[in-house]
Amino acid sequence: MRVAVTGGGGILGTALARTRPARVELTSLRHAELDVTDRERTFSTFAQLRPAWVIHAAAMTDVDRCESEPERALAINGGGTANVVAAAEEAGARTIVLSSDYVFDGTKREPYVEDDPPNPISAYGRSKLAAEEAARAGKRVHVVRSQWIFGAGGRNFVDTILKAAREKPQLKVVDDQRGCPTWSVHLAQGLWQLIEKGPGYDTWHMAARGSATWFEFARAIVAGAGLSTPVVPCTTAEYPRPARRPARSVLRNERLELTLGDFMPAWEEGLRGYLAELRGRDGGGA
């Protein structure tokens, strides 16, 4: 089975390559190989590859940069997705489009389920909602929302905290934003299961089970790495950023629960897996 991945050089693309099932022939398309905003190039690429599936992971994900460049964010995340979905369908492929918890405003006290109405509060969130709308214009498309993704292949929160914990006497981390830290390997494994077993094209939540604030996550990272750097909580107001973040955007994998069973592990298991991977890569030091 031929599968093409856009954004193949990123965190999720790296994990998809690592977890590829034996029967899958995977083509990872980095930005240099495919700029999804180039409609003609996107159509010609998929016409040549003729994949059975396209996993669309390419996106502009720098939330604050999206806030300062909203038109660019919309062109890449919304327009790029429209190009990918149309080109994939013309080539006879089915598509998975990755989306984000940022399509929600974060005001719901309970975890968000797939049918909750989106209400993005940032340029990034609006661009990802545009991506979802473009995806649903297709006939054979899954939309998969995940959040707080960390893992090998790009800048991520775990690496940032580990570096800071080794260089600073103390860390201050936001404690009033809550989500589901999700290891890219677990998400990739979930996407392969969706391809194998998915019971129809729909919107899915695929995030780690459980939840944490950024402070709680950072504290677990530092402890898991065997470091002693103090981690203290702060508020979002104490750490202002250009783009608004949802305060509570925990995703519940309700559709998985009702169909395939929620196979996503707890976020703590993902963190342990990634820290073990870092220790192996660094010769014993996380």
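Observations
- Some residue of region 184-195 being modelled with pLDDT of 95 or more, of a type in the set (G, A, S), at negative phi and more than 21 Å from the chain's Cα centre (by Cα): no
For (1) closer than 15 Å to D159 by Cα; (2) of a type in the set (G, A, S); (3) at pLDDT 95 or above, each residue gets a yes or a no:
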site: V222; (1), (2), (3): yes, no, yes
site: T236; (1), (2), (3): no, no, yes
site: Y239; (1), (2), (3): no, no, no
site: A243; (1), (2), (3): no, yes, yes
site: A247; (1), (2), (3): no, yes, yes
site: L251; (1), (2), (3): no, no, yes
site: L258; (1), (2), (3): no, no, yes
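- Residue check, S228 among the hydroxyl-bearing types (S, T, Y), touching a Cys at 6+ places or on another chain (Cβ under 6 Å) and at negative phi: no
- Qualifying position, being of a type outside the set (A, V, I, L, M, F, W, C), more than 23 Å from D262 (Cβ to Cβ) and either assigned to a loop (DSSP other than H, G, I, E, B) or in contact (Cβ under 8 Å) with a residue 12 or more places away in the chain (or both), among R65, R41, R23: R23
- Among residues of region 72-98 that are under 16 Å from I55 (Cβ atoms), those with a Cβ under 7 angstrom from a residue that is of a type in the set (K, R) and in a helix (DSSP H, G or I), sequence gap 6+ or separate chain, pair up as N77/K128; N83/R39.
A quick yes/no check of all residues on (1) among the acidic types (D, E); (2) under 23 Å from P181 (Cβ atoms); (3) in contact with a His (Cβ under 7 Å, 6 or more places away or on another chain); (4) not in a helix (DSSP H, G or I):
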residue: A88; (1), (2), (3), (4): no, no, no, no
residue: V97; (1), (2), (3), (4): no, yes, yes, yes
residue: E110; (1), (2), (3), (4): yes, yes, no, yes
residue: P117; (1), (2), (3), (4): no, no, no, yes
residue: G125; (1), (2), (3), (4): no, yes, no, no
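- Of everything in region 31-84 that is farther than 23 Å from I11 by Cβ and basic (K, R), the residue that is surrounded by the fewest Cβ atoms within 10 Å (Cβ to Cβ) is R50.
- Top-ranked residue of region 207-262 - restricted to ones that are charged (D, E, K, R), surrounded by 15 or more Cβ atoms within 10 Å (Cβ to Cβ) and in contact with a helix residue (DSSP H, G or I) (Cβ under 8 Å, 6 or more places away or on another chain), ranked as nearest to Y124 (Cα to Cα): R245
- Residue list for region 173-223, filter: part of a helix (DSSP H, G or I) and among the aliphatic types (A, V, I, L, M): V185, L187, A188, L191, L194, I195, A218, A220, I221, V222, A223
The values are calculated or read from the model by the stated rules, or taken from the named source; none is laboratory data. All values reported here derive from a predicted model rather than from experimental measurement. Methodologically, a virtual Cβ is constructed for each residue, glycine included, from the backbone with ideal geometry; neighbour enumeration extends over all protein chains shown.
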